[in-house]
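Encoded as structure tokens, the structure appears first; notes follow it.
Derivation of every value follows stated rules applied to the coordinates shown; laboratory data play no part. Being a predicted model, the structure only gives us computed values, none of them experimental. As a convention, Cβ positions derive from the backbone with ideal geometry for all residues, glycine included, and neighbour counts pool all protein chains shown.
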Ligand code: CP
Ligand code: NVA
């Protein structure tokens, strides 16, 4: 039995992951046709953020509003998690007041501490180790483009970071083969890589980590990239720019990928660094679909974790 939290993508087993994505599709289709379902009426979620955000904050606020509840944003200067107050007390106090906590932290251990001590669900809204909510939306986006097709191939090119980690742990479990190309000194975390490799082997789906971006993107359906320096690594920007230059997603790399490849990026993008303007703004880019899907994938996750009554959707349909 998996827990009530979503600290990493592994907290949802394969069946629950697929169920959340199915519900996300349904909620998106209905929202687009003007039908919102108040599945979490009066419920409140606290957003405890140590880092800046556009998509994560707005998508949780909009998502909770669409579900009939609310989100309360607590900026980095308000809580000062682990500094003004220990995570243990933040978790216990918030659990008396709200129905769920979304935490964006530097240390992954800070999200784990909140989860250990909260009696309400804790969702990782990005830590240095994982970005699981992003990857839920990404997989929804991949499924929209591929339907039920098998043998879907994704390449991730750039830094072996939090987004890469969550992709490694989730994509193969949904049958998406993943090739990651990073400079040797910026590989994914070895523990995550080991665990993801075992899972991929169990389901018989490719997961490879390479040096060569051209080899990674060959025959890919999706080419994914992210910033070369994540939040908190700004001081390393210069050194990283040099190491990652051969990993830019540009016309030449996409030519190597073949004609069907679509381009993904979690955003924010550093235009002209990991991705060129022409590619980001071009016809193969699906980055704004990814951003839009944050709202719907997270609504589905919130309903799953906070116990929203989604049988109600069926009753509404029949009624
Ligand atoms: N992709 C993403 O999480 O964006 P924000 O940092 O703006 O939330
Ligand atoms: N890897 C990036 C993702 C931002 C959404 C970061 O952690 O800054």
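For the stretch 125-279, just the Cα set please: Rg and Dmax, both in angstrom.
That works out to 14.2, 43 Å for Rg and Dmax.
Suppose only helical runs count, i.e. DSSP H with n ≥ 4. What mean residue ellipticity at 222 nm does that imply for the chain under -39500 (n - 2.57) per run, divided by all residues and rounded to the nearest 500 deg cm²/dmol?
Theoretical 222 nm ellipticity from helices: -13500 deg cm²/dmol.
With both partners inside the chain, how many of the DSSP beta bridges are antiparallel, as a percent to the nearest 5?
0 percent
Using only Cα atoms, what Kirkwood radius does the stretch 98-153 have, in angstroms? Please report the intermediate quantities before stating the final value.
Values: mean 1/r = 0.0776 Å⁻¹.
One over the average 1/r among Cα pairs gives 12.9 Å for the stretch 98-153.
For the residues 119, 141, what sequence is obtained by ranking on other C-beta atoms within 10 Å, fewest first?
On the way: 119 11, 141 23.
Exposure proxy ranking, most exposed first: 119, 141.
Using only Cα atoms, tell me the angle between helix 287-306 and the longest principal axis of the chain; keep it within 0 to 90° and round to the nearest 10.
Between helix and principal axis, roughly 40 degrees.
Given a cut-off of under 8 Å on Cα pairs at least six residues apart, what relative contact order in percent is computed for the chain?
Details: 604 pairs, mean separation 62.2, N = 319.
This gives 20 percent for the chain.
Does the stretch 112-205 come out rounded, prolate or oblate, given a ≥ b ≥ c as the square roots of the eigenvalues of its C-alpha gyration tensor, rounded meaning a/c under 1.5 and, failing that, prolate meaning a/b above b/c?
Because a/c hits 1.5 or more and a/b fails to exceed b/c, the stretch 112-205 counts as oblate.
Given a 10 angstrom Cα cut-off, can you work out which residue in 155, 103, 29 is the most mobile in a GNM of the chain?
29
Can you tell me which of 126, 169, 36 moves the most in a GNM of the chain? Springs connect C-alpha atoms under 10 Å apart.
Most flexible of the set in this elastic network: 36.
log10 I(q)/I(0), Debye, Cα-only the stretch 4-162, no solvent, q = 0.18, 0.19 Å⁻¹?
Reported log10 I(q)/I(0), two decimals: -1.19, -1.30.
When a/c is below 1.5 the answer is rounded, else prolate if a/b is larger than b/c, else oblate, so apply that to the stretch 207-319 with a ≥ b ≥ c taken from the square roots of the Cα gyration tensor eigenvalues. Don't jump to the answer; show the numbers that get you there.
Details: a/c = 2.66, a/b = 1.87, b/c = 1.42.
Since a/c reaches 1.5 and a/b is larger than b/c, the shape of the stretch 207-319 is classed as prolate.
At 7 Å along the Cα-to-beta-carbon direction for both residue 54 and residue 75, put a label point, then send me their distance in nm to one decimal.
1.8 nm
Give me the mean projected area, in nm² to one decimal, of the convex hull enclosing the Cα positions of the stretch 71-164.
That works out to 7.8 nm², a quarter of the Cα hull's surface.
Expressed as a whole number of Å, what is the distance separating the alpha-carbon centroids of the stretch 247-319 and the stretch 167-239?
17 Å
For helix 87-97, report the angle its Cα long axis makes with the longest principal axis of the Cα atoms of the chain; keep it between 0 and 90° and round to the nearest 10°.
In the chain, helix 87-97 runs at an angle near 50 degrees to the longest axis.
Say each of residue 234 and residue 260 gets a label point 7 Å from the Cα, pointing the same way as Cα to Cβ; how far apart are those two points in nm?
So the label points at residue 234 and residue 260 sit 4.2 nm apart.
Where does each of 244, 60 land when they are ranked from fewest to most other beta-carbon atoms within 10 angstrom?
244, 60
How far is helix 108-117 tilted off the main Cα axis of the chain, in degrees rounded to 10, range 0 to 90?
Orientation of helix 108-117: about 20 degrees from the principal axis.
Going by C-beta contacts inside 10 Å, put 222, 49, 186 in order with the fewest on the left.
Lowest count first: 186, 49, 222.
Name the shape class, rounded, prolate or oblate, that the alpha-carbon gyration tensor gives for the stretch 40-113, where a ≥ b ≥ c are the square roots of its eigenvalues, rounded holds for a/c under 1.5, and otherwise prolate holds if a/b is larger than b/c and oblate otherwise.
It comes out oblate by the Cα gyration axes.
Counting each pair of different Cα atoms once, what's the Kirkwood radius of the chain in Å, rounded to one decimal?
The Cα-based Kirkwood calculation yields 19.9 Å.
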